[in-house]
1. Under 17 Å Cα to Cα from residue 300, which aspartates and glutamates show up? Leave out anything in the same chain fewer than 8 places away.
2. Tell me, how many Å apart are the Cα centres for the range 92-141 and for the range 160-208?
3. Given +1 on the Cβ of Lys and Arg, -1 on the Cβ of Asp and Glu, and no further charges, what dipole in debye does the chain carry about its Cα centre, rounded to the nearest 20?
4. Relative contact order for the chain: what percent, with Cα pairs under 8 Å and sequence separation of 6 or more?
5. Using a 1.4 Å probe and ignoring any ligands, DNA or RNA, find the accessible area of residue 109 and quote it in Å² to the nearest 10.
6. Long-range amide H contacts for residue 53: which residues qualify at under 5 Å (H placed 1.01 Å from N, peptide plane, sequence gap of 5 or more or a different chain)?
7. List the relative contact order of the range 138-236 as a percent without decimals, with contacts defined as Cα pairs under 8 Å and 6+ residues apart.
8. Need the list of aspartates and glutamates near residue 257 for cross-linking: C-alpha distance under 14 angstrom, and skip anything on the same chain fewer than eight residues off.
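The values are calculated or read from the model by the stated rules, or taken from the named source; none is laboratory data. In this text, all values refer to a predicted model and were calculated from it rather than measured experimentally. Positions of Cβ are generated from backbone atoms using ideal geometry, with glycine treated the same way; all protein chains shown enter the neighbour counts. Areas reflect the complete protein model, heavy atoms only, side chains present, ligands, DNA and RNA absent. Shrake-Rupley method; radii C 1.70, N 1.55, O 1.52, S 1.80 Å.
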Amino acid sequence: MENTNAEKKTILSGIQPSGTLTIGNYLGALRNWAKIQYEYNCYFCVVDLHAITVRQVPAELRQNSLKTMALYLAAGIDPRENAIFLQSHVPAHAQLGWVLDCFTMFGELSRMTQFKDKSAKHADNINAGLFTYPVLMAADILLYQADLVPVGADQKQHIEIARDIAIRFNNTYSDTFKIPEPYMPKIGTKIMSLTDPLSKMSKSDPGDGSVFLLDSRDTVIRKIKRAVTDSGSEVRFAEGKDGINNLMNIYAAFTGKTYGEIEREFEGKGYGDFKLAVGEVAADALSALQDKYNVFLADKAQLDAVLTDGAERASYTANKTLRKVYRKVGFYSVNK
Ligand code: ATP
Ligand code: LTN
């Protein structure tokens, strides 16, 4: 039986419109949102404020925001059940972000792996937003009193800091924020780059390391065929075989097969056969997604309607939390 809204737990998650989504975003996050959307009260956000921590071309950012939205819908996220919205349409995110900046320590932000990685990648633009990124993410989550945050493994550290900030705020005043938990899939939680299986597949990486959700069938198959693997030939999940392990993870995530089943399926066959099979299951899944995506992207009026409705629903909840926070920290409000 379906839970009523009041009994349902709350979920919030987001993806940056910083490029075209990858199969990492899909398997680590988006696909799981679609699976759990009816069991929870969900807020799914396109985090455009986060995206400008890295310089974006304005016209591309606008387009990528709509494309990301259309991919949410194509993945099956139902806008009648869930609030789907752009972060910049709900000013409470930036407003709470500022308050929480004052409850976050320089030292704890300095330890964030994503900050270290991104500041190495963008050494010419290590801006303050890149540094305080996790605080804005904490605001995203805490505004909705989210119980769970479905993300890939790379975001675990950011959810931990969101918890620490929430606990600190609650201890300073009184219970204000729900303390959120990460919610990660068992398979597909960290898809690695095809060209460097020791680093995460990422949508802002140019080149052939990432399979993008809008890649053509030929491109998907070509990229996977050329994926870096070791010099062996046996399809087996084992330490040190990072490239093969990653492809097995991708294959398992798309087919639902276990590693044991995959090993048996490819016994006596080489990496070539295996790579082709991985390429084909990925390409099949993406082509079904792309057909739906094209329909959603073409209907701009519908996308705008979803965004308007989503922002309205999100603002209602977000503003309730923000008012509470403003009152607790001591901001004066005029009696109306
Ligand atoms: P960017 O390259 O712009 O930093 P990204 O590809 O790392 O972006 P995000 O927008 O930062 O993606 O992440 C959106 C969601 O996708 C998060 O929940 C994140 O954990 C998940 N995710 C991102 N990359 C992967 C991956 N390689 N494997 C599994 N999940 C991933
Ligand atoms: N930091 C995330 C994107 C993100 C997010 C969020 C995820 C921003 N706000 C709130 C979950 C909940 C990322 O870089 N992957």
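1. Once the sequence-local aspartates and glutamates are set aside, what remains near residue 300 is 60, 78, 291, 309.
2. Computed from Cα coordinates, the inter-centre distance equals 13 Å.
3. Values: 40 positive and 39 negative charges, 161 e Å.
Taking the Cα centre of the chain as origin, the dipole is about 780 debye.
4. Numbers: 519 pairs, mean separation 74.7, N = 336.
Rounded, it is 22 percent for the chain.
5. 10 Å²
6. Residues meeting the amide H criterion: none.
7. Working: 109 pairs, mean separation 22.9, N = 99.
Relative contact order here is 23 percent.
8. 265
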